[in-house]
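**Student:** Once you've had a glance at the structure underneath, I'll fire off some questions.
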Amino acid sequence: MKAKTADKIATFVIVTLALLIVAVLAGLLGYILFRGVSHISWDFLTSAPRKIRAGGGIGPQLFNSLFLLVLTLLITVPLGIGAGIYMAEYARPGRITGFIRLIVEVLSSFPSIVVGLFGLLLIVNIFGLGFSLVSGALALTVFNLPLMVRITEQAFRSVPSQQKEAGFALGLSKWKIVTTVLFPVALPAIITGTILSAGRVFGEAAALMFTAGMSSPRLDFGNWNPLSPSSPLNPFRPAETLAVHIWKINSEGLAPDAAEIAAGASAVLVITVLIFNLVARYFGRLIYRKLTASRRMN
């Protein structure tokens with residue numbers, strides 16, 4: 001077979017597979033949105049759910065999902081970036097470094113139900129945090145931390161060594177090189193890792209059932225005291241997220257419009273993830289331009 005013919009065949013196969021993946025994704029998103037968008041309204045997004053009557057909404061569950069996302073990222077991102085920088089720039093090859101890499105790999109392969117049971121035993125019961133947003137955020141950190149560490153490490157290692165050597169030649173300290181030379185270049189990959197972590201927060205259900213809980217107290221959105229049991233900003237209250245709510249409706253929903261609520265909630269979940277991705281990338285570009293004085297980010 002001639003080289004040009006083989007190249008054309010390989011190109012055709014690769015393009016076909018790429019289009020197939022895009023078609024599957026578009027079909028999945030289209031099906032979810034087609035079934036659920038017609039059920040979305042302002043009342044649906046802001047009202048509380050109803051157990052046995054029709055017309056319930058997803059207001060508390062949607063807020064819980066967003067609040068849990070913020071709490072999880074506040075824990076995961078600093079720890080993940082710090083550990084990734086350590087592994088890429090400070091850790092020396094040896095048994096300890098190899099052991100740390102093994103731990104990271106093992107954590108990334110844990111089933112979500114196992115992490116949920118571990119969180120139920122350690123965080124909820126032994127630590128005494130109960131079913132709460134904090135417990136759910138700590139459990140999700142177990143999922144997201146290995147991803148953030150690996151992506152941050154790879155992002156820093158992918159920076160050309162000439163830039164680091166130029167910093168040393170100018171007399172810059174190690175920390176100065178990390179923060180002003182390497183970090184801006186690695187920022188796009190770190191933002192990608194953050195977005196992937198956020199997607200895991202929005203879609204996780206099994207671990208949150210055992211840590212954040214499967215119900216929410218009646219919330220008073222006029223009460224912004226984080227110590228009040230009815231305050232939406234209280235991180236130590238039980239919180240049913242949107243993904244858990246969808247599972248609960250499909251498995252034990254008693255309302256006559258349970259199927260419509262599940263379809264609408266699924267559409268809202270997908271739209272929320274898409275909006276978060278777009279917003280995160282937008283602000284990531286702004287930060288990248290400010291740190292690198294670049295007009296565009298590839």
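**Student:** Using mean Cβ contacts within 10 Å as the protection proxy, how do 62-70, 206-214, 5-13, 75-83 order, highest first?
**Tutor:** Values: 62-70: 20.7, 206-214: 24.6, 5-13: 10.1, 75-83: 18.8.
Most protected by this proxy first, the peptides run 206-214, 62-70, 75-83, 5-13.
**Student:** Just to check, using Stokes-Einstein with a Kirkwood Rh over alpha carbon pairs, what's the diffusion coefficient of region 38-297 at 37 °C and 0.692 mPa s in µm²/s?
**Tutor:** Value of D from the Cα-based Kirkwood radius: 163 µm²/s.
**Student:** Then there's this: Find the lysine pairs in the chain meeting two conditions, Cα atoms under 18 Å apart and a separation of 8 or more places or different chains, and report how many there are.
**Tutor:** 4
**Student:** State to the nearest 20 debye the size of the charge dipole of the chain about its Cα centre, where the only charges are +1 on K and R beta carbons and -1 on D and E beta carbons.
**Tutor:** 1040 debye
**Student:** Could I ask something else about it? Cα centroid distance between region 54-76 and region 144-187, in Å?
**Tutor:** Spelled out, the Cα-based centre of one part sits 34 Å from the other.
**Student:** Between L117 and S41, with labels modelled 7 Å along Cα→Cβ, what's the label distance in nm to one decimal, could you check?
**Tutor:** 4.4 nm
**Student:** Here's a follow-up. Averaged per residue, what accessible surface does region 38-297 expose to a 1.4 Å probe, in Å²? Walk me through the numbers before you get to the answer.
**Tutor:** Working: 13480 Å² over 260 residues.
Counting only protein heavy atoms, the per-residue value for region 38-297 is 52 Å².
**Student:** Give the residue from P93, L69, L20 lying farthest towards the positive end of the charge dipole for the chain; charges sit on Cβ (+1 for Lys and Arg, -1 for Asp and Glu) and the dipole is referred to the Cα centre.
**Tutor:** Toward the positive end, the furthest listed residue is P93.
**Student:** Using +1 at the Cβ of each Lys and Arg and -1 at the Cβ of each Asp and Glu in the chain, identify which of L107, A54, A259 lies farthest towards the dipole's positive end.
**Tutor:** The residue sitting farthest along the positive end of the dipole is L107.
**Student:** Accessible area of the chain with a 1.4 Å probe: how many percent of it is carbon plus sulfur? Walk me through the numbers before you get to the answer.
**Tutor:** Working: 11640 of 16920 Å².
Here carbon and sulfur together make up 69 percent of the probe-accessible area.
**Student:** Oh, and also: Cα axis of helix 183-203 to longest principal axis of the chain: angle in degrees, 0 to 90, nearest 10?
**Tutor:** Helix 183-203 sits roughly 20 degrees off the main axis of the chain.
**Student:** Can you order the peptides 158-166, 42-50 by their average number of other Cβ atoms within 10 Å per residue, highest first? Let's see the in-between values first.
**Tutor:** Numbers: 158-166: 12.1, 42-50: 14.3.
Most protected by this proxy first, the peptides run 42-50, 158-166.
**Student:** Set Lys and Arg Cβ to +1 and Asp and Glu Cβ to -1, take the dipole of the chain about its Cα centre, and tell me which of V37, W224, V178 lies farthest positive.
**Tutor:** V178
**Student:** Let me ask something else. Quote to one decimal, in nm, the extra length available between I32 and L79 on full extension: 0.36 nm per residue of separation minus the C-alpha distance between them.
**Tutor:** Separation in residues times 0.36 nm, less the Cα-Cα distance, equals 13.5 nm.
**Student:** Might you report the magnitude of the Cβ-based charge dipole of region 200-298 about its Cα centre, with Lys and Arg at +1 and Asp and Glu at -1, to the nearest 20 debye? Mind showing how you got there, number by number?
**Tutor:** Details: 10 positive and 6 negative charges, 199 e Å.
Rounded to the nearest 20 debye, it is 960 debye.
**Student:** Additional query: What ranking, highest mean first, results for peptides 88-97, 124-133 when packing means the other Cβ atoms within 10 Å averaged over each residue?
**Tutor:** Peptide ranking by packing, descending: 124-133, 88-97.
The values are calculated or read from the model by the stated rules, or taken from the named source; none is laboratory data. Nothing here was measured: the structure is a model prediction, and the numbers come from that model. All Cβ positions, glycine included, derive from the backbone under ideal geometry; neighbour counts span all protein chains shown. When the accessible area is computed, the model is the full protein with side chains, heavy atoms only, and any ligands, DNA or RNA have been set aside. Shrake-Rupley method; radii C 1.70, N 1.55, O 1.52, S 1.80 Å.
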